[in-house]
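Visitor: Quick one: this structure, given as structure tokens, is what I'll be asking you about.
Values in this text are rule-based calculations from the coordinates and carry no lab data. This structure is a prediction, so every number in the text was calculated from the model and none was measured. Please note: Cβ atoms are built from the backbone with ideal geometry, for glycine as well, and neighbour counts cover all protein chains shown.
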Amino acid sequence: MRKPFIAGNWKMFKTISEARAFAEEFKELYRASDVRVAIFAPYLQLAALKEAFCGTYIEVGAQNMHFAEEGAYTGEISARMLREIGITCCIIGHSERRQYFGETDETVNRKLRKAFQEKMKPVLCVGESLEERDGGSAFSVVRSQLANGLIGLTAAEVSALVIAYEPVWAIGTGRTASAEQANEMCGFIRDVLEELYDDSVSCSTVILYGGSVKPENAGEIMNMEEIDGALVGGASLSPQEFIQIVNF
Ligand code: 13P
């Protein structure tokens, strides 16, 4: 059975003191349930959030990591550095990293392999741009992001992977994909997993939708058959809004 998963991606928002204030307020509102909950925060806030959420089921993850063990990569963070402070999950290949920081399917693939080698639980992001959606290539773009991103990963690894479908045109724009559009692409991702692996991988991989998820549309999205959860940007910055999504 796939467990519902609601994850917040804070992107480049909140200082350490703001992160602590969020955690204190969110802990008051949060009740443990069968929904997996995580906050993906900027690197500097991770240790403070781990400490603040200690003793709860709320997980804390990073938004990126490097694929190398260590080396001359100024400004980068390794999986081992994250592990040392107790961080075991990480977003990989977010569209903003692909768009602004030169992330490619190849770097995504190297990062995924490294993440599994280091026993990290990655969340792989895929999704098409507006031009690709309007030009009719959304499905082929997502297929190729998966086929190239997953090269060399085993069936067991991909079963443990979380995949987030985030259409670039719906991120931060207030323009949400309809629940049907999101469900259709998440179903397509399962078909590709079945093609690349097998039916059991396709049934066990947790697939999220991300892009302008808010308290008002979370319920409808979570009701869709192929969608197991949400990756929430803007609405995860407010404890009041995020808890409503967690309690969809
Ligand atoms: P928004 O929810 O702000 O549209 O961001 C979505 C996202 O990119 C989550 O990773």
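Visitor: Considering only the stretch 9-25, state which residues are assigned to a loop (DSSP other than H, G, I, E, B) and surrounded by 13 or more Cβ atoms within 10 Å (Cβ to Cβ).
Guide: Listed by number, the residues that qualify are TRP10, LYS11, PHE13, LYS14.
Visitor: Testing ALA218 on (1) assigned to a helix (DSSP H, G or I); (2) within 19 Å of PRO4 (Cα to Cα); (3) away from the ligand (no atom under 15 Å from the Cβ), one condition comes back false. Which one is that?
Guide: (3)
Visitor: Restricting the search to the stretch 186-209, which residues are buried (at least 19 other Cβ atoms within 10 Å of the Cβ) and in contact with a Lys or Arg (Cβ under 8 Å, 6 or more places away or on another chain)?
Guide: Correct list: VAL192, SER202, THR205, VAL206, ILE207.
Visitor: Another one. Among the residues in the stretch 221-235, are any over 15 Å from the mean Cα position of the chain (by Cα), crowded, with 20+ Cβ neighbours inside 10 Å and closer than 15 Å to ALA177 by Cβ?
Guide: Narrowing the stretch 221-235 to residues over 15 Å from the mean Cα position of the chain (by Cα): 221-226.
Filter again for crowded, with 20+ Cβ neighbours inside 10 Å, leaving 221.
This time we only want the ones that are closer than 15 Å to ALA177 by Cβ, so: 221.
Yes, that holds for at least one residue.
Visitor: So, one more: What is the one condition in (1) exposed (fewer than 14 other Cβ atoms within 10 Å of the Cβ); (2) hydrophobic (A, V, I, L, M, F, W, C); (3) within 16 Å of the ligand (Cβ to nearest atom) that MET1 does not satisfy?
Guide: (3) is the only condition that MET1 fails.
Visitor: Determine which member of the set GLU132, GLU180, GLU166, GLU118 is within 21 Å of GLU195 (Cβ to Cβ) and acidic (Asp, Glu).
Guide: After applying the criteria, what remains is GLU132.
Visitor: Can ILE243 be described as part of a helix (DSSP H, G or I), among the aliphatic types (A, V, I, L, M), within 15 Å of the ligand (Cβ to nearest atom) and surrounded by 16 or more Cβ atoms within 10 Å (Cβ to Cβ)?
Guide: No, not satisfied.
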